[in-house]
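The values are calculated or read from the model by the stated rules, or taken from the named source; none is laboratory data. Bear in mind that the values here come from a model prediction, so they are computed numbers and not experimental data. All Cβ positions, glycine included, derive from the backbone under ideal geometry; neighbour counts span all protein chains shown.
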Amino acid sequence: MESQGLNQERRVLELVVEEKAAGGRLDRYLTEKAAGPSRSYLSKLIDGGLVLVNGRQVKAGYSIRAGDKIRVEIPPPQPLEVLPESIPLDILYEDQDIIVINKPPGMVVHPAAGNYQGTLVNALLAHCRDLSGIGGKLRPGIVHRLDKDTSGVLVAVKNDLAHKSLAAQLKERSVERWYLALAKGSFTADEGVIDAPIGRHPVRRKQMTVTENGRPARTWYYVRERFDGYTLVECRLETGRTHQVRVHLAYIRHPLVGDQVYGGRQDHLGMTRQALHAYHLGFRHPRTGEFLSFSAPLPADMAEVLERLRRGAVR
């Protein structure tokens, strides 16, 4: 059940834990039920006393029990410290609920330390009058991200209806997210699946790695072109973990060309970024239910490298 207080922006969730959910962590349970706020944000609410279980404060790792009554108060989104910037956008589609962008390589999606200007959010704030509030901040509109140096199709949302719908589709894994990746080496099979959990690297905390303690992650791959020492593969995500394609391909010893984090110091064929492009995105429209598909052509740097490989101009 969800109720509204005097402040129309404030959300109050009142939940009763089902039998099948018993034994799980409180923060994970809320992430599933709240449909939008991130687990880290919900953990902050728990630590701040805005989440009560049976009328008392508990920790994020509390093991929920059947029948537990949970009350969650989600404060109004706070004004962004990020300012709108008039940055050109390659808009593939836009209506009252969503905007679909072909993001160029080198553009950061969401503001963070060291990147408060020139981001996709800066551009969206200038282009759109109102974007959905997510993660406790007002109007960022972002429900999924691409790495700074990954190009391709990305959707942002403009209201709570769209936000909740896209978040639910991502959770149920019905969103089509297909990438083209230029990887090192020759794949033995023409297609396959990489099913390996991904988590934070125990030492290099800015990196992800395959680890038995990680979250489930699955990537399907299909060989599209073979070259001397390189392979163009299509990767389809079943899950959406941070750096998933990059980590999974490195895990099977086929790191991405140009990936200076997971690809080692080998030849990058002139690429100054990882050779990864989100070329296809498909999802149900949040208002009409119609399935929409969008695609974006390869950016110039990847297209040029592939053309040289096809001509045999790379040794």
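When VAL153 is tested against (1) in a loop (DSSP other than H, G, I, E, B); (2) out of contact with any helix residue (DSSP H, G or I) (no Cβ under 8 Å at 6 or more places or on another chain), only condition (1) is not met. For the stretch 257-312, the candidate set comprises residues that are over 19 Å from PRO104 (Cβ atoms) and of a type in the set (Asp, Glu); within that set, the residue that is surrounded by the most Cβ atoms within 10 Å (Cβ to Cβ) is ASP267. A single member of ARG246, ARG310, ARG253 is closer than 21 Å to ASP190 by Cβ, in a helix (DSSP H, G or I) and basic (Lys, Arg), and it is ARG310. If a residue must be among the hydrophobic types (A, V, I, L, M, F, W, C), under 21 Å from LEU281 (Cα atoms) and assigned to a loop (DSSP other than H, G, I, E, B), how many such residues does the stretch 83-105 contain? Final tally of qualifying residues: 1. Among the residues of the stretch 215-238, those that are part of a loop (DSSP other than H, G, I, E, B) and either over 19 Å from the mean Cα position of the chain (by Cα) or surrounded by fewer than 17 Cβ atoms within 10 Å (Cβ to Cβ) (or both) comprise PRO216, ASP228, GLY229, GLU238.
Residues in the stretch 13-50 that are at pLDDT 90 or above, buried (at least 19 other Cβ atoms within 10 Å of the Cβ) and not in a helix (DSSP H, G or I): LEU15, VAL17.
The residues of the stretch 216-261 that are of a type in the set (Phe, Trp, Tyr) and within 11 Å of ALA183 (Cβ to Cβ), listed by number, are TYR221, PHE227, TYR230. When restricted to residues that are in a loop (DSSP other than H, G, I, E, B) and over 30 Å from LEU269 (Cα atoms), the stretch 168-196 contains 4.
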